[in-house]
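Asks: To start, I am sharing the structure in question, which I have written as structure tokens.
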Amino acid sequence: MSTLFEEVPASFGDDVPVRRVTLTVNGEQRAANVEPRLLLAHLLRNGFRLTGTHTGCDTTNCGACTVLYDGVPVKSCTMFAVQADGHDIGTVEGLATASELHPIQEGFKDEHGLQCGFCTPGMMLAAKALLDENPNPSEDEIRWALSGNLCRCTGYQNIVKAVMWAADKLGGAADDSDDGSADGAGSDAGEEG
Amino acid sequence: MALDEIKIGGLGASRRRVEDNRFIRGKGNYIDDIVLPGMLHMEILRSPLAHARIRSIDASAAWAIPGVRMVLTGEMLAARNLAWMPTLSYDTQAVLATDKVRFQGQEVACVVADDPYIAKDGCEAIVVDYEPLPPIVNPTQAKAPDAPLIRDDKTGQDSNVVFDWEVGDREGTDRAFAEADVVSTIEMHYPRSHPSPIEACGSIADFNRATSKLTVYMTTQAPHIIRAAVALVAELPEHMIRIVSPDLGGGFGNKVPVYPGYVVSILASILLERPVKWIEDKSGNLISTGFGRDIYLKGEMALRNDGRILGVRMHTDSDHGAFFSDAQPSKFKVGLMHSAFSCYDIGAAHLTAQGVYTNKAPGGVAYRCSFRVTEAMFFQERMVQAAASDLGMDQAEFRRINLVRDDDFPHRTPWGFLTDSGQYGKCLDLGLEAIGYEDFLRQKEEARRRGRLLGIGISTMTEPLGAGNSREYDILGIKMFDSAELKVHMTGKALLRTGAKTQGQGHETTWAQIVAHELGIPAEDVLVEEGDTDTAPFGMGTYASRSTPVAGAAVAMVSRKIRAKARRIAAHLLEVSEEDIEWELGRFSVRGAPDRGVTIQECAIAAYSNMPDGMEPGLENNAYYDPPNLTWPFACYIATVEVDPETGVWDVLRVVAVDDCGVRINPMIVEGQIMGGLTEAYAMANMQFITFDEDGNCIGSNYMDYLLPTAWETPGFELHEVVTPCPHHPIGAKGIGECATVGGPAAFVNAVIDAIGDAGVRNIDMPLLPDRVHEAITAGHDVSGAPPVKTEP
């Protein structure tokens, strides 16, 4: 963003309080002047243009806005941006490197763990928090860890499989006899890159 | 050597999805992700009351807020003849209320401001003076002699009845009932439910005064229909309107209609000459936009002692809310309700239907349902269970006796549909075997002796998917066909566009597979685009499971046109006559000399560099496909449950699904559709509904009240397949997107009713909440879920 100028809305009354927040987003230091009432989700989406964090329900139910807050999944639509001051925020944009997808992303694609894609970023971040803490979760543990995230398309079964796929890949890269691509997947499963 | 079709991602390949590459990176492009230079933001002020006269609206405090650019009210719209708009069912709907509000959540005013927070501040600053009127929340109240008239805006409307309609053979059905050994009756309410995609609705209207062009980014499943509607409502020239439907965060029918927010954002952009973005919040979505169901049944079946169904009589009362805005074929007032019992060989049938206005949100649009077939098949399978029980027959055996047999196709139903293919008995047997039917019945008896309540529910159904044909199906007179346009570039790569609009169904992946199947061009070489009316061919959009049956067929047909031209090019290149050319996947060769051949890619470059004399250059074409019939997939869903008699809580033990949707283009995607549908079926049976209290307050206006199942509650699914190709679809496919939502709910409800069978209960209205089930068990009577619900302690 340019440092030459910062446009301030003409309507901005002198009585509107502004707070400076400084936070780490996907490993990068970011700062912004915000109204105290600005929600974290909106700072990420509208301020930093990290639009992978979606807002679905506004009431902390759907989890589409899930981000990692010092590694813990939180719902950024019911958290103020100022509460993130000094903290470390991880969003979906931070999952992949320039050349490589995170195994959770690969798993979601390979197991058809998404359809419309709207819940997917939040779902993957909740899954990442789980796998960071418990690299070998059972199906029940996965279902419980994801129970704060709603999906209307998939019925969850493939999401559970996607998380197991990622757990396998993260844990068992050495004994990877099966590349995970099911019948007929060959031509496309490996096209990333 | 012929190509390996699976390797090139053709028909039958569980090809991984192309669209996922952006979604898993958070790089989807949903409506709220789009930012235009100079964009303003709009919020809607909604009515807190269900029925009230508007005495006055004072917006002066809103105008005074710094950053508020405009406040729009019904009065302002009325001055431009825009206060009312036509619905998809030949009714009118208020854009912003002028005279009265007719449901809680109705749009009353809009505020446009520099950012959405200021726009919300503006809405809060508007003072509306309401004079409350008595609200109506169900058909009985609506039809009461002293009921207040909801639609006093309509001349000639002197009651709250929207329509009376009937179909079928009244006399023949009366005769069947006169001959019956047993008459089985049942009454129930299919509750109001909301499709509730996680992403709500939204639009960005961008009117450019310099070019007179209006571009609207909009969450719509049917962009071309919207373009026509905007042209008519806003009186703008259609060629100067561009509708762009970006990535949609789910649709399920919710994103078919035209909503006031879209219309007002367009007007605001025209007046302010700046882009105006409206992003609906979840509550606004749940309380004001298209719902599904909310319909009451009185069903009767005429039965012979040997188990044969002689006739069916149904009466439905549908609650349409304040405006009749169903998106459905214009000939059929309760959608395709009369497709009930299409999988059974029944003698005669008669349906009467009445629709009413109430002080509830308008809609009655299909929710993951081809025009009320969800209700039709639910009523059917609940009636079938009651009938079998009245005859003292086994559930499965009663179905087997009455299912249409494989050699009876084509089969004309008494209500006039023509089902054309299926192996119903095979599907039922496969389902019973998979669930271990006989074993379960033994376990159930054993458990009962120990005080545990186990139950098994079956739901078998065929449903009409893929409207048109155009003879019978239209929306507002526009015939229901669909389209595809294919451009093969000179290097053999291709661009495909259709008139459908994916919302998660994976069109970008599957359409390319159809091209691969027809032309041998690898699927990864085909780019699929949809949703932009400036580039996509005219089509009716995606809903009612119509994309594969109609647009998918158009993709096959346009590919065949391309292949026909490529064949002529091949003959030219190989210097033989066209009759001597043979086709194998991806390659033409000379008959009798298979080594002499050219690939489709070689034909493509020749189309631009070495075409035969007199041939029009290029390798592009389009196809408009009008299907000869609907497609008729069949499904058998079986659920087993255990009910806790102490609490009324029920748990799903197993779910078996047998689906026959004809040829599967991408089996992975088909299974994804089935599992998603089963989850919504489970949701409706278990927890998901919208109801109203005596004052017309919407119960279910957010995700704390409107319960959706999470990964924790949702059961696992066991899927099986049978393939009976559709005889008229070019690649033999049938619709599948909605089957499980349509057929699934009855399996769960039948299972719970079966489990508590000893209580003498015929029906509990969905959702089967623990208190309802507990009341049924302890009091031994049916439990109604019809509104109003009591909210007093």
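Asks: In the range B:205-224, which residue that is open to solvent by less than 10 Å² (accessible area, probe 1.4 Å) and touching an Asp or Glu at 6+ places or on another chain (Cβ under 9 Å) is farthest from B:Gly321 (Cα to Cα)?
Replies: Per the criteria, the residue is B:Leu214.
Asks: Give just the number: which of (1) of a type in the set (D, E, K, R); (2) under 30 Å from B:Phe332 (Cα atoms); (3) touching a strand residue (DSSP E or B) at 6+ places or on another chain (Cβ under 7 Å) does B:Arg405 not satisfy?
Replies: All conditions are met except number (3).
Asks: Let me ask something else. Give B:Glu300, B:Glu280 a once-over and let me know the one that is away from every other protein chain (no Cβ under 14 Å) and among the charged types (D, E, K, R).
Replies: That would be B:Glu300, the only listed residue that is away from every other protein chain (no Cβ under 14 Å) and among the charged types (D, E, K, R).
Asks: Still on this structure, I have one more. Determine which member of the set B:Thr98, B:Thr87 is touching a residue at least 24 places away in the same chain (Cβ under 8 Å) and in contact with a Phe, Trp or Tyr (Cβ under 7 Å, 6 or more places away or on another chain).
Replies: Unique residue meeting the criteria: B:Thr87.
Asks: Name the single residue, out of those in the range B:492-522 being assigned to a loop (DSSP other than H, G, I, E, B) and of a type in the set (S, T, N, Q), that is surrounded by the most Cβ atoms within 10 Å (Cβ to Cβ).
Replies: B:Gln503
Asks: Consider the range B:1-47. How many of its residues are aliphatic (A, V, I, L, M), open to solvent by 40 Å² or more (accessible area, probe 1.4 Å) and more than 10 Å from every other protein chain (Cβ to nearest Cβ)?
Replies: So the count comes out to 3.
Rundown of residues vs (1) free of Cβ contacts under 8 Å to residues at least 60 places away in the same chain; (2) surrounded by fewer than 17 Cβ atoms within 10 Å (Cβ to Cβ); (3) more than 17 Å from B:Trp632 (Cβ to Cβ), yes/no style:
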{"residue": "B:Leu418", "(1), (2), (3)": "no, yes, no"}
{"residue": "B:Leu432", "(1), (2), (3)": "no, no, yes"}
{"residue": "B:Ile435", "(1), (2), (3)": "no, no, yes"}
{"residue": "B:Arg442", "(1), (2), (3)": "yes, yes, yes"}
{"residue": "B:Ile458", "(1), (2), (3)": "no, no, yes"}
{"residue": "B:Leu465", "(1), (2), (3)": "no, no, no"}
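Asks: Yes or no: the range B:725-739 includes at least one residue that is among the β-branched types (Val, Ile, Thr), in a loop (DSSP other than H, G, I, E, B) and under 22 Å from B:Ala447 (Cα atoms).
Replies: Taking every residue of the range B:725-739 in turn, none turns out to be among the β-branched types (Val, Ile, Thr), in a loop (DSSP other than H, G, I, E, B) and under 22 Å from B:Ala447 (Cα atoms).
Asks: Go through the range B:624-667 and count every residue that is among the aromatic types (Phe, Trp, Tyr) and surrounded by fewer than 20 Cβ atoms within 10 Å (Cβ to Cβ).
Replies: Residues in the range B:624-667 being among the aromatic types (Phe, Trp, Tyr) and surrounded by fewer than 20 Cβ atoms within 10 Å (Cβ to Cβ): 1 in total.
Asks: A:Gln83 is checked against (1) more than 13 Å from every other protein chain (Cβ to nearest Cβ); (2) part of a helix (DSSP H, G or I); (3) touching a strand residue (DSSP E or B) at 6+ places or on another chain (Cβ under 8 Å) and fails just one. What number does that condition carry?
Replies: (3)
Asks: Oh, and also: Residues being at the interface with another protein chain (Cβ under 7 Å from one of its Cβ atoms) and either among the acidic types (Asp, Glu) or crowded, with 22+ Cβ neighbours inside 10 Å (or both): count how many of those fall in the range A:92-113.
Replies: So the answer is 7.
Asks: Also: I'd like to check which strands (runs of 3 or more DSSP E) are fully inside the range B:557-672 and have at least 1 residues that are more than 30 Å from A:Gly113 (Cα to Cα) and in contact (Cβ under 8 Å) with a residue 24 or more places away in the chain.
Replies: Result: B:581-584, B:587-590, B:593-599, B:620-625, B:634-643.
Asks: Here's another thing I want to ask about it. Look at B:Asn686 and say whether it is at the interface with another protein chain (Cβ under 9 Å from one of its Cβ atoms), open to solvent by 20 Å² or more (accessible area, probe 1.4 Å) and more than 30 Å from B:Cys726 (Cα to Cα).
Replies: Criteria not met by B:Asn686.
Asks: Please give the strands (runs of 3 or more DSSP E) falling wholly within the range B:170-288 in which 3 or more residues are polar (S, T, N, Q).
Replies: B:182-193
Asks: Here's another thing I want to ask about it. For the range B:606-621, name all the residues that are surrounded by fewer than 18 Cβ atoms within 10 Å (Cβ to Cβ) and closer than 22 Å to B:His517 by Cα.
Replies: B:Gly618
Asks: Would a scan of the range B:535-556 turn up a residue that is among the β-branched types (Val, Ile, Thr) and free of Cβ contacts under 8 Å to residues at least 60 places away in the same chain?
Replies: Yes, that holds for at least one residue.
Asks: Regarding the range B:1-17, can at least one residue be identified that is closer than 28 Å to A:Thr55 by Cβ and outside any loop (DSSP other than H, G, I, E, B)?
Replies: So far as the range B:1-17 goes, no, none of its residues is closer than 28 Å to A:Thr55 by Cβ and outside any loop (DSSP other than H, G, I, E, B).
Asks: Can you tell me how many residues within the range A:128-163 are assigned to a helix (DSSP H, G or I) and either within 9 Å of chain B (Cβ to nearest Cβ) or within 17 Å of B:Asp20 (Cα to Cα) (or both)?
Replies: Count: 13.
Asks: Out of all the residues in the range A:69-91, which are open to solvent by 30 Å² or more (accessible area, probe 1.4 Å) and closer than 29 Å to B:Val18 by Cα?
Replies: Within the range A:69-91, A:Pro73, A:Lys75 meet the criteria.
Asks: Quick one: which of B:Glu524, B:Glu518, B:Glu508 is touching a residue at least 24 places away in the same chain (Cβ under 8 Å) and away from every other protein chain (no Cβ under 12 Å)?
Replies: Testing whether each residue is touching a residue at least 24 places away in the same chain (Cβ under 8 Å) and away from every other protein chain (no Cβ under 12 Å) leaves just B:Glu518.
Asks: Let me ask another. Which of the residues spanning the range B:684-712 are within 18 Å of B:Gly292 (Cβ to Cβ) and free of Cβ contacts under 8 Å to residues at least 40 places away in the same chain?
Replies: Across the range B:684-712, the qualifying residues are B:Asp705, B:Leu707, B:Pro709.
Asks: From the list B:Ile731, B:Ile777, which one is touching a Pro at 6+ places or on another chain (Cβ under 6 Å) and among the β-branched types (Val, Ile, Thr)?
Replies: B:Ile777
Asks: Can you tell me which residues in the range A:55-84 are in contact with a Pro (Cβ under 9 Å, 6 or more places away or on another chain), touching a residue at least 60 places away in the same chain (Cβ under 8 Å) and over 12 Å from A:Asn149 (Cα atoms)?
Replies: Correct list: A:Ala81, A:Val82.
Asks: Among (1) at pLDDT below 95; (2) within 23 Å of B:Gly38 (Cα to Cα); (3) not in a strand (DSSP E or B), where does A:Asp15 come up short?
Replies: With respect to (1) at pLDDT below 95; (2) within 23 Å of B:Gly38 (Cα to Cα); (3) not in a strand (DSSP E or B), A:Asp15 is out only on (2).
Asks: Another question about this same structure. May I ask you to say which residue of B:Val723, B:Val789 is surrounded by fewer than 20 Cβ atoms within 10 Å (Cβ to Cβ), farther than 21 Å from B:Gln395 by Cα and outside the structural domain of B:Trp650 (by TED's automatic domain parsing)?
Replies: Just a single option satisfies the conditions, and that option is B:Val789.
Asks: Now, a different point. Considering only the range B:145-153, I want to know if a residue exists there that is part of a strand (DSSP E or B) and open to solvent by 40 Å² or more (accessible area, probe 1.4 Å).
Replies: Scanning the range B:145-153, I find no residue that is part of a strand (DSSP E or B) and open to solvent by 40 Å² or more (accessible area, probe 1.4 Å), so the answer is no.
Asks: Further, regarding this structure: Residues that are closer than 30 Å to B:Cys739 by Cβ, of a type in the set (A, V, I, L, M), open to solvent by 10 Å² or more (accessible area, probe 1.4 Å) and modelled with pLDDT of 95 or more: does the range A:165-183 have at least one?
Replies: Scanning the range A:165-183, I find no residue that is closer than 30 Å to B:Cys739 by Cβ, of a type in the set (A, V, I, L, M), open to solvent by 10 Å² or more (accessible area, probe 1.4 Å) and modelled with pLDDT of 95 or more, so the answer is no.
The values are calculated or read from the model by the stated rules, or taken from the named source; none is laboratory data. Predicted model only: the values in this text are computed from it and were never measured. Backbone-built Cβ (ideal geometry, glycine too); neighbour counts: all protein chains shown. These accessible areas exclude ligands, DNA and RNA; they are computed on the full protein's heavy atoms, side chains included. Shrake-Rupley method; radii C 1.70, N 1.55, O 1.52, S 1.80 Å.
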